[in-house]
Each structure stands twice: as C-alpha cells, then as structure tokens.
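Worksheet: the structure to be examined is printed underneath.
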C-alpha cells in the first residue's frame, strides 16, 4: 500500500550518489533518467535510532511480530473456567476481547434465531454511548420475513443466555443491545493490556500484505511550510496504524526535486548566495535567495532578451542539468542534500520516519515512453494541435480531458505519475496504494486513477485517495506567514511559559526544554487531527495551547498525572496483573474498563475511516472517564489489595493512552 502526497507543478529528475548526514545514513534510490537503471535509495535510520534522549522519539516500534507476541485472553478464559466461543471469519479473539464477545453473541443468537452466523457477525455494531450497551444489532439486517423486528428483538433478548460474558441484553425498538459483564472485562482486559503493553490494540488483520506509504513530499530547497503539516502527520499516522494491524509498511517521501526552480536557485545563488550563511542555515538562506531571484524575474518582465534575462539563464542552467553537466549537477546535489538533512530534523521532531527518500527524478524516461505507448495501444489518446490528450468523459463525465504530452514532446506530471505508479508496483507488489493528497487535487487524482484503470492494470483497483482540507490562518502570533519550525518554536515557548508558573512541579522536570517542545508539538498535531480530515479548520493559538478542554496539552497532562499515580503508589508493577479485581465495583471503574476494552476496535475502525480523529475522539473519551474516576477510586490511603486493584486499572488506562498517543505520532511525557 502506498500513501502519497504529490506536487503537480514540478519536473522529473536524476538519481545520484549516497549522502551521509550527521546522524543519518541516507540512500538515494530509483532510476537514472539518462543512464542505465540503478538501485539507489534514500533510506533513513529508524526513528528510535534517530534520538536517544529521554523524551524525544521514545523507542516506539509499530512493527508487530504476531508469531512471538504473548497473548493472555485464552489463559484468562481458562482461569475463569470458560470455553472459548466459536471463532468466526473476520474476528481475532486472541488479540481483541470485543471480538471474543462478538463471537459469543453471534454463536448464541444463531442458536436462538436460526439465522446463519455469517449474517449476524457483520451486523453487530458499535453503540454511540455506553448507556445503549457495548454492541447492538439491528434486527432488520438479519432479513427475517413474516415477523416484526420489534417483536423478534423482545423475544430474542428475553431468551438470550448471559453466561459470564454479558451483564444485560435488552430490546430497544428494532435493536438488541448487549452489555458486557464488567467482572469479565476486569479479569481479561487489564491483564491483556499490562502483558502486551505497547502491542495492546494490535491485531493481524493485514498480515502478509504490503503497504508502501508515500507522504509529505515537500519541494526541495524550500523550507518546510506549515501547510505541509497535514499530509505529513496524516501519512505518519496511517503508516503507524497499518503497521499495528499487521501490514508490512514501507514509508516513502516522494520529493519535489527537479525543475526550472533549480536553475533559478543556481542563478540566484551566484548573485546573492553566501557560503557562510549556507553552512549556518542552509534552507532559510536558500529560500531567501529564491525569493530575491524571483523578485528579479518580476522586475525584469519582458524587458531583456532571452539569453540575458534571469528566466532565460535559469532555463539554460536547467538544460545543463538535464544534459548531465557535472558542474550544474554538483550545485543541484548539494542543495538537495542540504534540504533533506534539514527535513530529517523536522521529521524527527514530529516522530516521522521514512524508509526511502525518493523523488520526481526517479521516474525514468523509458517508463514515461512506455506509458505513452500503452495509451496509444489502448486507443486512449488523440492529437490536438500537436499535443496528446486523453478524453476521460466517455468513462466518467466529470473527469473531462487531460493533456499527457505537450506539443514539443515533453511529458506532464500526469504522465510521470503513471510511470511512477508502474515502477512502484513492479518494485513493491503492493496490495493497496493510498495517496494522501489535498482535496484541491481531487480531479487530478481521479484522472490519474482512471487512466491506470483504462490501461488495464489489475492493481489499479487497489488505489485509494485520502484527501484533506486546508489549514486557515496558520501564522505566528505576530501575524506573519511562517514555516513549520517557527510554529513549533513558538508553541514550545508558550508551553514553557505555562510550565514555569508551577515552580514546584517545574523543579522536578529534568529536561524542561524538551518537555515544553513535546507538549507544544502535541498542541499543534491534536488541533489538526481532532476533526474530520476533509474539513478546513482555523488555526487558533489560544485554543491550541490551552490545558483545558480537548487539546494536545490536556492529553499530555492526563498521561503525566497517571504516571504520577503510579510513582506515588509504592506498589510494584509485578503485583498488578494478579490483583483482586472483584474489589472494583464502582460504576466509574466499570465505565473505564468498558472503554479500555474498545481500544483494539478503535484501531480497526480507524483503518476503515482513515481518520486520525477516530483515535483522538477515543482518547478524549478515555481521559475524561479517567478524570471522573479520581474523585472516587483513591489509591493512596487504601488497603494494599484495594490500592493494587485500582492501580492496575489506572496503569492499564495509562498504557492505552500511551499507545494511542504514540500511534498519532505524539511522545507522551512523564512529568510536566
């Protein structure tokens, strides 16, 4: 599976030698458009190698080995003297307690109703609120003829055996609502969470399937703009999610790394460049040069002959690059390498890692020629004033016509997209290809997908476009348009100011600058992720940096408070899994354990919606419920047995919160 964010206005280009950066080994891979095929590749180290500090990029590994994973659900069933229900297709009861309960409900409802289990299991749905139960089934979906659904619901609910799994089954109109037994959940879910730790929530849904994730894809030699944030963190989240669900994930950054803009940059650097500034702050200096040289182009207009104009000199320089002039390529390689080094530091800050840094230069000319040949063979193209067009209206009226080759024989981005898709499938044999692309490019992506389909590629049906809306008003508090690093620095400063207000707690933090940075990053990312990705949203400093309400700092505070409960308890972690959970009788504890049991389902649901907000919403529900427990479920001052049982519940909640936050790309802090 590939996840991609594309640029529609840049040119393809050349692969090149390996670069070794300060803390990275980066390989470059793909084809040389002008020489023979190569096997070069940008490949960054895993992010747990990128940082060894206490808080940054804690060693979170999203790859799951299901063959060696310790699971406890079956052991818990044996200790409770319960027989495991029949396992139905699509369920993973060893990894998901809710699946176990789905199987039980399916098994027993089939016996009562005579309905085939294959109809019952997929008809079971989540409830909107826990007062409606944990699962429900709409009786009409079971296709019973000659009886009223409301009557069947009442009859089946009255005759349903609760066993040890359920506390209540009730009819509600045409629905049957199933309430899980808290006693069962306490004895199964807490041990499962505390044993599997970071692996809790994972299941082998995508085992033996490949996903190549392509996302972010900034333009080389330009600073990482705040607007790139959405594709970067959505792609990072989807990569982590698919890995947790058993997919083999390859993360790819497909860079905008070719085109006349490099000619402009080279001309500009000759005029305005400083080797000293380049060494000190390469990206911002190159951007300053780029702005100045574009101002020259604007001021010149059409007043100069082509060979004397800035645009003409830029085109001439780019032509030298295409002709593999060593001097021209040396400039390009240096600017590209410096850009990637800076990008890596920004990605590291966001807990984003890549396996491959590729780029538009990696699409070889022979593949684009092959694409044009297939267009002709399939009768897709027609000529108009020397240009080649594909009329897609006969397949879908909304798609219109698109140019695939200019009258001068050069190809367009759409053709290179096709060549890259062919190349990538041949290399990775992916099972699904996801493109994370802004909604403004919906038409382009739809045209791209339709062309691949009409070319006859079977794998084209596995392409999926994950689009997203735009960030509005993303500027500093001073009102200037900014790059992402400026946003992150400003949020870090704001968080640091807030932390300093509590002098006692601040004195206990070993690395306040790093903690402030992590909380600030959480503020930015959660504001972005908490609503549906297709929605535009307004960037609000006051809301984002608040410690109250549903914000990133609030999640960090909730995690650090749970860590504090663990530290102050004086109870060893070894005692928690074997605590006496019969002591947990309060309604607040029951609601919390029901939420903890839902976490694996939340991941499964997120894989269907491809929405980070699915996980964010779950985490806020979880933290709100934890907060409501503090007034009732005291750990301090209780008997050891009661304190241990309550701490086990809190520790399980903290682990699930930790898992969800790291899945989103956050780094949870222990003190703040």
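Points to keep in mind about this one:
- Restricting attention to segment 222-235, the residues that are buried (at least 24 other Cβ atoms within 10 Å of the Cβ) and out of contact with any strand residue (DSSP E or B) (no Cβ under 8 Å at 6 or more places or on another chain) total 2.
- Strands (runs of 3 or more DSSP E) wholly inside segment 121-221 containing at least 1 residues that are out of contact with any strand residue (DSSP E or B) (no Cβ under 7 Å at 6 or more places or on another chain) and outside the structural domain of residue 247 (by TED's automatic domain parsing): 166-172
- Scanning segment 579-614 for residues that are without any contact (Cβ under 8 Å) to a residue 40 or more places away in the chain and exposed (fewer than 15 other Cβ atoms within 10 Å of the Cβ) yields a total of 4.
- From the options 348, 342, residue that is within 30 Å of residue 668 (Cβ to Cβ), part of a helix (DSSP H, G or I), in the same structural domain as residue 255 (by TED's automatic domain parsing) and at pLDDT 90 or above: 348
- Positions within segment 362-371 being touching a helix residue (DSSP H, G or I) at 6+ places or on another chain (Cβ under 8 Å) and not in a loop (DSSP other than H, G, I, E, B), in sequence order: 362, 367, 368, 370, 371
- Residues (out of contact with any helix residue (DSSP H, G or I) (no Cβ under 9 Å at 6 or more places or on another chain) and not assigned by TED's automatic domain parsing to the domain that holds residue 187) located in segment 78-120: 78, 81
Every residue, every condition in (1) outside the structural domain of residue 533 (by TED's automatic domain parsing); (2) at pLDDT 95 or above; (3) touching a helix residue (DSSP H, G or I) at 6+ places or on another chain (Cβ under 6 Å), yes or no:
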{"site": "441", "(1), (2), (3)": "yes, no, no"}
{"site": "452", "(1), (2), (3)": "yes, yes, yes"}
{"site": "458", "(1), (2), (3)": "yes, yes, no"}
{"site": "463", "(1), (2), (3)": "yes, no, yes"}
{"site": "467", "(1), (2), (3)": "yes, no, yes"}
{"site": "477", "(1), (2), (3)": "yes, no, yes"}
{"site": "487", "(1), (2), (3)": "yes, no, yes"}
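- In this structure, residue 271 does not qualify as under 14 Å from the mean Cα position of the chain (by Cα) and either surrounded by fewer than 20 Cβ atoms within 10 Å (Cβ to Cβ) or under 29 Å from residue 657 (Cβ atoms) (or both).
- Filter result for the condition that a residue is in contact with a helix residue (DSSP H, G or I) (Cβ under 6 Å, 6 or more places away or on another chain) and in contact (Cβ under 8 Å) with a residue 60 or more places away in the chain, over 633, 642, 622, 657: 657
The values are calculated or read from the model by the stated rules, or taken from the named source; none is laboratory data. Because the structure is a prediction, the values reported are computed rather than measured. Glycine gets a Cβ as well: all are built from the backbone with ideal geometry, and neighbour counts include every protein chain shown.
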